[in-house]
Ligand code: NIG
Ligand code: FE
């Protein structure tokens, strides 16, 4: 089946010669075709061009659906490369505790936070977890996300970590969008191992990783390498064990301090290091010329009122930057990538063009899928969205909080919600 999008006011993030990501000054460049058409055949982008190049040859097919995109923009779907969207229940009581003055770390020390989510997940069936997570997946699809990474990490014992990863596998099989699974057994130290974290690390290495690999339940491996969570030494042991099974790291690093997490990630060729509130010259030097995507999570920084990652410094140093939602019940209970884009501009002083690269192509790279997703290029998967009537690309982050995603196309099919 063929789909023709015509009279597109602006076709955004078009690539004739696709690149895997954009870094430094290049991040401010987004190719835009004005008054454009786009042809989709089955699940792939077949062709695009300006309306005056649209020839009769495209009308010889019998099954051709036409969509008029007058006054509308067409974007590649957002790729959200960092989420924890499988969870048993929200944690709005901790939100109130923080309003009253408790810190995120203090709540964690008292057994709340991630440990609270682990307790709730233990009591919840696989089916219930699947149902609630699928609701969240559909919610983000409606908001323009076309690929998502989902982490485990609310199990914190072998059985429950595997349960979570099986739920993620089921989402992978049944959801319309591209899903990547990340094993995050090292998300928090369970209370019973508080005085001996190395013992929990041994369980991750000797029990969890081999089983996760045997059942092929994960694409990546993650560690929350930070103050009060996992040390650099623990992190390196876990990453080494994961690499033996072909699990490439994508880790949480430098959210709470200059902990050496970024350097550890780069050393083990992590696909991404995420959070990055604390980044200094040494961290920038480590990231330079690495294959690791620096990924910032504006939703968590906003929700926890954290120090902001030095995004401008990183871009000015020539690094790429990706922006993801961190959708999770504790530090970022939203997967709205339009809102993340607005935060990128407002809080991190990124240009609208930089934000587009950071939420599409660079996040696709951070999930290992930028050869097939993250831009409008011939042969890539046709995951995209059509906006409502808007003046131009600046308007989307400017009109923060408005839902301007009007029509969603996934695998070449218009989604009916
Ligand atoms: O990315 N920083 C560590 N983990 C999550 C928070 C998870 C939670 O609080 O439930 C994050 O922010
Ligand atoms: Fe996270």
Condition broken by residue 294, with the remaining ones in (1) within 13 Å of ligand 1 (Cβ to nearest atom); (2) surrounded by 20 or more Cβ atoms within 10 Å (Cβ to Cβ) satisfied | (1)
With 216, 207, 236 as the choices, which residue is assigned by TED's automatic domain parsing to the domain that holds residue 117, out of contact with any strand residue (DSSP E or B) (no Cβ under 7 Å at 6 or more places or on another chain) and closer than 30 Å to residue 139 by Cα?
-> 216
Output yes when any residue across segment 272-287 is away from ligand 2 (no atom under 16 Å from the Cβ) and in contact (Cβ under 8 Å) with a residue 40 or more places away in the chain, and no when none is.
-> no
Of the residues in segment 131-150, how many are over 19 Å from the mean Cα position of the chain (by Cα) and within 15 Å of residue 162 (Cα to Cα)?
-> 0
Right, residue 256: within 13 Å of ligand 2 (Cβ to nearest atom), surrounded by fewer than 24 Cβ atoms within 10 Å (Cβ to Cβ), in a loop (DSSP other than H, G, I, E, B) and in contact (Cβ under 8 Å) with a residue 60 or more places away in the chain or not?
-> yes
Might you check whether a residue that is assigned to a helix (DSSP H, G or I), within 14 Å of ligand 1 (Cβ to nearest atom) and surrounded by 24 or more Cβ atoms within 10 Å (Cβ to Cβ) occurs anywhere in segment 268-285?
-> no
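One line per residue, one yes/no per condition, for (1) part of a loop (DSSP other than H, G, I, E, B); (2) surrounded by fewer than 22 Cβ atoms within 10 Å (Cβ to Cβ):
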position: 353; (1), (2): no, yes
position: 358; (1), (2): no, no
position: 362; (1), (2): no, no
position: 371; (1), (2): yes, yes
position: 390; (1), (2): yes, yes
Can you name the residue in segment 233-253 that is within 16 Å of ligand 1 (Cβ to nearest atom) and in a helix (DSSP H, G or I) and, of all such residues, is surrounded by the most Cβ atoms within 10 Å (Cβ to Cβ)?
-> 235
Just one of 192, 216 is surrounded by fewer than 17 Cβ atoms within 10 Å (Cβ to Cβ) and part of a helix (DSSP H, G or I); which is it?
-> 192
Does residue 24 fit the bill of being farther than 18 Å from residue 377 by Cβ, surrounded by fewer than 22 Cβ atoms within 10 Å (Cβ to Cβ), touching a helix residue (DSSP H, G or I) at 6+ places or on another chain (Cβ under 8 Å) and outside the structural domain of residue 161 (by TED's automatic domain parsing)?
-> yes
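Here is a yes/no grid of residues against (1) surrounded by fewer than 24 Cβ atoms within 10 Å (Cβ to Cβ); (2) touching a helix residue (DSSP H, G or I) at 6+ places or on another chain (Cβ under 9 Å):
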position: 120; (1), (2): yes, no
position: 132; (1), (2): yes, no
position: 144; (1), (2): no, yes
position: 154; (1), (2): no, yes
position: 170; (1), (2): yes, yes
position: 184; (1), (2): no, yes
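The values are calculated or read from the model by the stated rules, or taken from the named source; none is laboratory data. Here the structure is a predicted model, which is why all the values come from computation and not from measurement. All Cβ positions, glycine included, derive from the backbone under ideal geometry; neighbour counts span all protein chains shown.
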